[in-house]
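To start, the structure under review is shown below, and the notes come after it.
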Amino acid sequence: MGEQLVIQGGKALSGRLPASGSKNAALYALAAPLLTSDPVTLHNVPEIADIEGMGRVLRALGASFEVDGEDVSIDASGVTETVAPQDLAIALRASFLVMGPLLARFGEAASPSPGGDVIGVRPLDVHLAGFRALGADVRREGQNFVARGRLRGARIFLDYPSVLGTVNVLFAAALAEGETVIVNAAAEPEVAMAAEMLVAMGARISGHGSNTITVDGVERLHGVDFTIIPDRIESGTYLLAGVATGGDVAIEGARADHLDSLLTKLAEAGAGVEVTPQYVRACHPPDGAPLRAVQLQAVPYPGFPTDLHAPMAAALTQAEGVSTIHERVFENRLLYLGELRAMGARMTAGGQSVIIEGPTPLVGGAVRALDVRAAAAVVIGGLCASDETIVRDLVHLDRGYPRIEERLTALGATVFRR
Ligand code: EPU
């Protein structure tokens, strides 16, 4: 049956936690060393299963990959293979990020359509159109997408500001000949960090963090010693757990400027929000009143992140009034709904919208973690519930939340694995 997380809920979470390194940004940073034959060292890499998964893909390509706690060393000087092995690549979606670097460095790359959470169709057209615009010949050969050719800079309009798509095109453009302008690029902090890492490796990039990124291709990139940014989604999840349980949680090292949308909604819901250079803190409404319902849409950055939709929905079960969340990024983000309803939440879905009536006292029971963020939602639900909640399918939870039971325990929760 696998491990389960047992949550004895009903306690207000309170205390301070250091932010973990960003899961998604770390995955992008693991692919970047394929662009160089110099060694790369990364710090603040979260200890989660996907990092090892990406490491297996890199090793299969001929790179060395060593993990020492939160430090990871990668040396891609020995890479000879340009085909990502199917069995390893399909385990995580970020594995498709080997395409851009391999194509740019070796003139050819192949990878199967990758896996990851089952949260929608998740096509790859943005990546593939970007490679084509840079001059590559891209085709499907059996299970693999194959790209070949010498890359030349181009003006590239992305049909959608895909996060991984932007990073893949950025990687390819870094070593392409001449100037590339990526229009309608993703502006997520993790994308901007990937660009910063490339700049530290000798790339010429400007505009990252905005929707137009300009890349002046260089002939070679060198090694780097680089630190991963804090995980805004993990930080946001703990802040929401604190507010939802009537508690008071501070995340040390969290970047408030990456959390504008969440902090604004928390303040609108009546929560106390404090931002200092050392930490970001959120607590139950200071006047003792219940949280208030809010309306929001999950959209690309700097809008409210789709990755906090499910945790926010769980927290809003404790808010007074009718909240609505409209999901505009993925079409299958509502996997948490049935689980939270089983815990007593009053939630209804219509298309991509969820209506939440609150406040509702939640009850425990056995629930499943259906994707990484749905997992976070049921954990928040369990922390709010007055009795015991058992969360199954922890593989999803563990993909996004390193040492979650230890961290929740540090905040005063009663949570353990068995
Ligand atoms: N899309 C396209 N064409 C493409 C690629 C994407 O139409 O070629 C569409 C997707 O179908 C979806 C939307 O664009 O509707 C957003 O997809 P995007 O490509 O931006 O997402 P992603 O890059 O595959 C990353 C994160 C997700 C996060 C999204 C949005 C990784 C490994 N994944 O996915 O993280 O939700 O960006 O911010 O970095 C998570 O951490 O829980 C997670 C799912």
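Structure above, values below:
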item: Positive-end residue of THR348, VAL243, MET54, charge dipole of the chain with Cβ unit charges; result: THR348
item: Cα centre as origin, Lys/Arg/Asp/Glu Cβ charges: the stretch 60-158 dipole, Debye; result: 820 debye
item: Per residue Cα convex hull volume in Å³ - calculated over the stretch 176-267; result: 94 Å³
item: Tilt relative to the chain, helix 189-200 - C-alpha long axis, 0 to 90 degrees, to 10; result: 30 degrees
item: Solvent-accessible area per residue for the stretch 276-413 (1.4 angstrom probe, square angstrom); result: 37 Å²
item: Ellipticity estimate at 222 nm from DSSP helix runs (n ≥ 4, -39,500 (n - 2.57)) divided over the chain, nearest 500; result: -9000 deg cm²/dmol
item: Whole-angstrom gap from the stretch 227-289 to the stretch 327-371, using each part's C-alpha centre; result: 22 Å
item: Over the chain, relative contact order from alpha-carbon pairs under 8 Å, at least 6 apart, %; result: 20 percent
item: Size of electric dipole in the chain: Cβ of Lys, Arg +1 and of Asp, Glu -1, about Cα centre, debye, nearest 20; result: 720 debye
item: Extreme residue, positive dipole direction of the stretch 27-179, given options LEU92, VAL163, LEU124 (C-beta unit charges); result: LEU124
item: GluC sites (Glu not before Pro) restricted to DSSP loop in the stretch 33-95 with at most 16 other C-beta within 10 Å; result: GLU47, GLU81
item: Portion, in percent, of the accessible area of the chain that falls on carbon or sulfur, probe 1.4 Å; result: 50 percent
item: Helix axis angle, 372-384 relative to the chain longest principal axis, alpha carbon, degrees; result: 20 degrees
item: Space enclosed by the convex hull of the alpha-carbon atoms of the stretch 313-360, per residue, Å³; result: 59 Å³
item: Whole-number percent relative contact order across the stretch 197-317, with pairs defined as alpha carbons under 8 Å at least 6 apart; result: 20 percent
item: Per residue, the convex hull volume that the Cα atoms of the chain enclose (Å³); result: 122 Å³
item: Mean separation of Cα contacts under 8 Å, 6 or more apart, over the residue count of the stretch 1-143: relative contact order %; result: 19 percent
item: Cα-based shape type of the stretch 1-121, given that a ≥ b ≥ c are square roots of the gyration tensor eigenvalues and the cut on a/c is 1.5; result: prolate
item: Neighbour cut-off at most 10 other Cβ (10 Å), DSSP loop, GluC sites (Glu not before Pro), the stretch 125-214; result: none
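The values are calculated or read from the model by the stated rules, or taken from the named source; none is laboratory data. Predicted model, so just to flag it, every value in this text is computed and none were measured. Quick reminder, even Gly has a Cβ in these numbers, built from the backbone with ideal geometry, and neighbours come from all protein chains shown. In case anyone asks, the SASA skips ligands and DNA or RNA and just uses the protein heavy atoms, side chains included. Shrake-Rupley method; radii C 1.70, N 1.55, O 1.52, S 1.80 Å.
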